[in-house]
Amino acid sequence: MERSPPQQTLAGRLAILGTLGALAFSVSAVAQQELDHAKADAEFAKFRAEMEDSNPAELFELKGEELWKAKRGPKNVSLAESCDVGLGVGKLEGAYVINPRYYPDADKVMDVERRIVWCMTEKQGFKFGDIAKKPFASGNYTPEVTSLVTFVAGHSRNMKFAAPIKDPKVREVYEIGKEITAYRAGPYDFSCNTCHGSDGKRIRMQNLPNLSTPEGSLKGVMGWPGYRMTGGVMLTSQWRMNDCFRQQRFPEPKYVSDTVTALLTYMTVNANGYTYKGPGIKR
Amino acid sequence: MTKTTILAALLATPALLGSSIVLADATHRTKAIETIKRDFQPRGQADLDRLAEDGVQAICNRTGNNPSGDIVKTLEADQLAGVKYPADNKLMGDWKAGEKLAQSGRGFTWSDKPGLPVGGNCYNCHQISPKETAYGTVGPSLLHYGKLRGNTPEMQKYTFNKIFNSKAYNLCSDMPRFGHAGALKPEQIKDLVALLLDPESPVNK
């Protein structure tokens, strides 16, 4: 129930309205737009927080768990009994955040998705060509690898990124990744850094993280794999890099290629020490 | 490759070899370029030739977008020389058509339909008309562009040239070379010039 304070006469109310009006008008157009942007961001953050109570990523973690444990492929072995994603065969707790890392058996630095694909081909006997044919989700289709990555990533929830940059092989890939972000080519002369190389920039309303800073790189790797509200599909970091190159007007990076691993190494190392919140929701 | 591109490439190479620019991380850059050349596949309209650097890209990539010396002026002049003007030589078209073009960000990705027309992508990076609040900030604000600068023939020409080939005035500008890239035709750029310079355009109200 509302009660007017005794002193609030009609004249008093008008005066207050007048003051509010003057205040509103004194906010410049630019400040107002910044408020609008901040409000849109805040609303999405709230929406994300609400959604994470029933995080759709968890469905894919469950699906991934089945795939991880099942004996599959021409060699009829499970990944659980054959695949080392960084901490030893079958060990998942905290594995996602210590990737990309160097794997001596493959003689490559690999991110988790690349490593899982490697395990599927080398240990289970699947054909790479079949896996790479349709590597990303669309419509109702979710690749098995995406569910597997989500499952593995779920075991590093709330752990700190710790990609092993002291390993010279990782350092080398990191430096190459850094140079890839600076490489301008294509019809529009874009590099990654054209959009992601300085602070406080936007494309339309979309904020652009500066990947050369820890906070910016964190935004690049945080939340993936992620359930994307646009399209309602589960997508991985590999997909995200692929879509960056699309917007850069480049041709398509081959699936789980060195280029993508190098970019993921660059960003994850920059984000080292920051907490990975786990598979989440993306706009 | 256009003639301009080839010329630029020829000019850039000896200048780079002879320059005293400290190549901070040339080794990793070389490896990065080798990696990129190995790792891509054509898709849609995006062929592998897009991975190759032209002369301007090459010099910008090797100097952290901060080249110096006579080569800069030479290459800028070369970029300017490639600008093509509308048949009627008028540089101010229809600001309303320009606004429509400025709004569209489509074109040239592997998921876009090949061919023209493509969007001007202007609002992706610039504030332009005060009516559009969803603008990017990668480039400077262009609000009141003509009001602040006037619309003299010189200003029209500068603005036209800048959109056709931003590198004519700033060799390593972040902005695409819309005319040079074949994305926008001179007649379309004319409409964008009007959006920025016409006193009737909302940009200048």
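What follows is calculated from the coordinates using simple rules that are stated; it is not laboratory data. Because the structure is predicted, anything quoted here is derived from the model rather than measured. Methodologically, a virtual Cβ is constructed for each residue, glycine included, from the backbone with ideal geometry; neighbour enumeration extends over all protein chains shown.
Summing charges over neighbours of residue A:124, with a neighbour being any other residue whose Cβ is under 10 Å away from its Cβ, gives +3 when K and R count +1 and D and E count -1.
In this structure, the residue pairs whose Cα-Cα separation is over 21 Å, taken from A:108/A:219; A:71/A:123; A:108/A:160, are A:108/A:219; A:108/A:160.
Let me check I've understood the local charge: for residue A:267, count other residues with C-beta under 11 angstrom from its C-beta, Lys and Arg +1, Asp and Glu -1. What total comes out? For residues surrounding residue A:267, the net value is +2. Taking packing as the residue-averaged number of other Cβ atoms within 10 angstrom, the listed peptides A:74-83, A:149-158 run from highest to lowest as A:149-158, A:74-83. If a/c stays under 1.5 just call it rounded; otherwise compare a/b with b/c (prolate if a/b is bigger, oblate if not). Do that for the protein assembly as shown, with a ≥ b ≥ c from the square roots of the Cα gyration tensor eigenvalues. Here the protein assembly as shown falls in the oblate category. For the protein assembly as shown, A:192, A:195, A:244, B:122, B:125 stand unpaired, since no other cysteine beta carbon lies under 4.7 Å from theirs.
Taking 7 Å steps out from each Cα toward its Cβ at residue B:111 and residue B:96 produces label points 3.3 nm apart. The label-point distance for residue A:158 and residue A:75, in a model that sets each label 7 Å from Cα toward Cβ, rounds to 3.6 nm. Highest mean packing comes first when the peptides B:110-116, A:269-275 are listed by Cβ atoms within 10 Å, giving A:269-275, B:110-116. Loop-located trypsin sites (Lys or Arg not before Pro) across the stretch B:40-143 with a Cβ neighbour count of 11 or fewer within 10 Å are B:131, with loop assigned by DSSP. The dipole here belongs to chain B: it is taken about the Cα centre, uses +1 on the Cβ of Lys and Arg and -1 on the Cβ of Asp and Glu, and is about 160 debye. When a/c is below 1.5 the answer is rounded, else prolate if a/b is larger than b/c, else oblate, so apply that to chain B with a ≥ b ≥ c taken from the square roots of the Cα gyration tensor eigenvalues. Cα axes put chain B in the prolate bin.
Lys and Arg at +1, Asp and Glu at -1: add these up for the other residues within a Cβ distance under 9 Å of residue A:230 and post the number. Around residue A:230, the surrounding residues sum to +3. Rounded to the nearest Å, what's the spacing between the alpha carbon centres of the stretch B:133-171 and the stretch B:22-100? Just the number, please. Taking the Cα centre of each part, the stretch B:133-171 and the stretch B:22-100 sit 19 Å apart.
Counting Cβ atoms of other protein chains within 10 Å of each Cβ in B:38-50 and taking the mean gives 5. Take each residue of peptide B:164-177, count the partner chain Cβ atoms within 10 Å of its Cβ, and average: the result is 2. For the segment B:132-143, counting C-beta atoms of other chains within 10 Å of every residue's C-beta and taking the mean gives 4.
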